[in-house]
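Below: the structure, in structure tokens.
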Amino acid sequence: MKSSSRPYRHRFILSSLFFILFLCVLASINEFRFVSLLSFGRCALANIPSQSSNLSSTNFLALNSSTSSDIRILIGILTLPDQYHRRHFLRLIYGTQSPVGAQVDVKFVFCNLTKEDQKVLVALEIMRYDDIIILDCKENMNKGKTYTYFSSLPEILNDTDTPYPPYHYVMKTDDDTYFRLDNLVESLKPLPRKDLYYGYVIPCSSMDPFVHYMSGMGYMITWDIVEWIRDSEIPKHHMEGPEDKVFGDWIREGHRAKNRYNAKWSMYNFPEPPTKCTHELWPDTIAVHLLKNQEKWIQTLKYFNVTSNLKPSKLYHIP
């Protein structure tokens, strides 16, 4: 009886060993597949942009991506810290424009904060939009704010990771001026990128950009003049007075801006009430100034049909 059961036991033991070996091989294959799948998943997830990235890492009003050959423009809107609603409105105005062939950055510029609510609300704006420059000065209009703005930019924008110059053109404008960015960019394309002074010539009856100065509604200079303002003694000794006229004095005394461009009548004051500085709204407009109330803004925006690209949707009905 013992001898007859011995082959059966051998076969059973041998079968068990093969079965255990088969289970080990199967487990190894599955483990390899699991590790491979896990690695693939990690790789795929690593390539998905994080949805919790810092919103302030990209300037809200950097209006398009650029290539090395594009024009780089900084538009500095000089305003006041408490003008929250105006800033939000202008973000809509400029954030819905996408100029071709240029990088256009819009920044709001004012002096040091003086109230506790400003320190909270402006900080929140910066965290969300990253489009504010706070200058080290006491708030003013005609006592050096424009000088502080231009002279501070080389240090503010001194970043070795950015191309030089950081901007080809730098503008000072007001928060009651509306710029049509495509037309602005087109007007700049044939112009020099050095020693240029661009704007609306004052007095209103003049068309000669070499006689007086450019209106404070919005004037632009090239980066080399920005650096000259920082380094020259001329602006430092003459800062008080109507800021646009004072700026023109710097340019004349410093023998700057051999290249000048008068954008009149593509830049003008709002047509009502009519003066020597006004012009009817027309398609070749670059800028409209003196938009002092909501009614004038709406009339201007309707004329230029700024909502024409509104996409149809079941979510809203706007007749």
Pop the C-beta distance of Glu227 and Leu80 into the FRET formula with R0 = 35 Å and round what comes out to the nearest 0.05. 0.80
I'd like the accessible area for Ser308, computed on protein heavy atoms only with a 1.4 Å probe and all protein chains in place. Round to 10 Å², please. 70 Å²
In region 211-312, which GluC sites (Glu not before Pro) fall in coil by DSSP and have 13 or fewer other Cβ atoms within 10 Å? Glu233, Glu280
Compute the accessible area per residue over region 91-218, keeping the other protein chains in place, probe 1.4 Å, unit Å². 45 Å²
Quantify, in whole percent, the carbon and sulfur part of the accessible surface of region 147-262 (1.4 Å probe; protein heavy atoms only). 50 percent
Working out 0.36 nm times the residue gap between Val306 and Leu157, then minus their Cα-Cα distance, what length gain in nm do you get to one decimal? 50.4 nm
Once both label points are put 7 Å beyond Cα along the C-beta direction, the His212-Glu186 separation in nm becomes 2.9 nm
Total formal charge among the other residues, if their Cβ is under 13 angstrom from that of Asp82, Lys/Arg +1 and Asp/Glu -1: -1
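The values are calculated or read from the model by the stated rules, or taken from the named source; none is laboratory data. Here the structure is a predicted model, which is why all the values come from computation and not from measurement. Using ideal geometry, Cβ is built from the backbone for each residue, glycine included, and neighbour counts are taken over all protein chains shown. Surface areas here come from the heavy atoms of the whole protein model, side chains and all, with no ligands, DNA or RNA. Shrake-Rupley method; radii C 1.70, N 1.55, O 1.52, S 1.80 Å.
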